[in-house]
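Readers should treat all values here as calculations from the given coordinates under stated rules, not as data from a laboratory. Worth saying up front: this structure is predicted, and the values here are computed from it rather than measured. Glycine gets a Cβ as well: all are built from the backbone with ideal geometry, and neighbour counts include every protein chain shown.
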Amino acid sequence: MTPQRIATLALLLGAASLAACATKPKELPPQPIAASTSTQAGAPMAPTPPQPVGPVAGSQADFIASVISDTVHFELDKYDVDGESQGILRSQAQWLARNSAKSITIEGHCDERGTREYNLALGERRANAAKNYLVSLGVDAGRINTVSYGKERPVALGSDEAAYAQNRRAVTVTVN
């Protein structure tokens, strides 16, 4: 074989091997159409609606974002709803009026002082005081459950007045 034939044969073999390795290009998935007011043909197209931002309406996050607070505080050995707590509960009643399908649980809590039994009873009175105030504002009592945790679930650890004050509370939690 002549050198020219060898070079031609090598070139043909190389081209054949490259052709054997060639694969069909992968098809890309269809891309979403960008928000636009016209199509390629120039016909008008409805703009894409904006995506919701913020918490889902009616959720616990929406409740927290919409009310003054989810928590009312109490004085030592007390369960009366003071003026500040009344404002907080009014904002909760307004949210509940806007979200009539939602129910809540009010959790009563105490600081670490006192017996377990005393604090469970005081936590129940605190939760019921908050519930009764909401009912007086027009919230259906059937939408409100209460539970007392006494001193079992402190929000602030410590044995000083600052921690005690934070733990004497009633917390509203959305249920459904």
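How high is the relative contact order of region 60-174, in percent, counting Cα pairs under 8 Å that sit 6 or more residues apart?
On the way: 218 pairs, mean separation 42.9, N = 115.
Normalised by residue count, the contact order of region 60-174 is 37 percent.
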Computed lengthening from Val56 to Ser100, 0.36 nm per intervening residue step minus Cα-Cα distance: 14.3 nm
Formal net charge of residues neighbouring Ser66 (Cβ-Cβ distance under 12 Å; K, R +1; D, E -1): 0
Along each of the three principal axes of the Cα atoms of region 60-174, give the extent in whole Å, ordering the values from largest to smallest. 40, 24, 23
Label-point separation in nm, Asp140 to Glu152, each point 7 Å along Cα→Cβ: 3.0 nm
Give me the one-decimal nm value for the distance between modelled label points at Ser159 and Tyr118, 7 Å along each residue's Cα-to-Cβ direction. 1.6 nm
Two-decimal Rg/Rh across region 54-102, once Rg and the Kirkwood Rh are taken from alpha-carbon atoms: 1.05
Net charge near Gly158, counting Lys/Arg +1 and Asp/Glu -1 over other residues with Cβ under 11 Å of its Cβ? -4
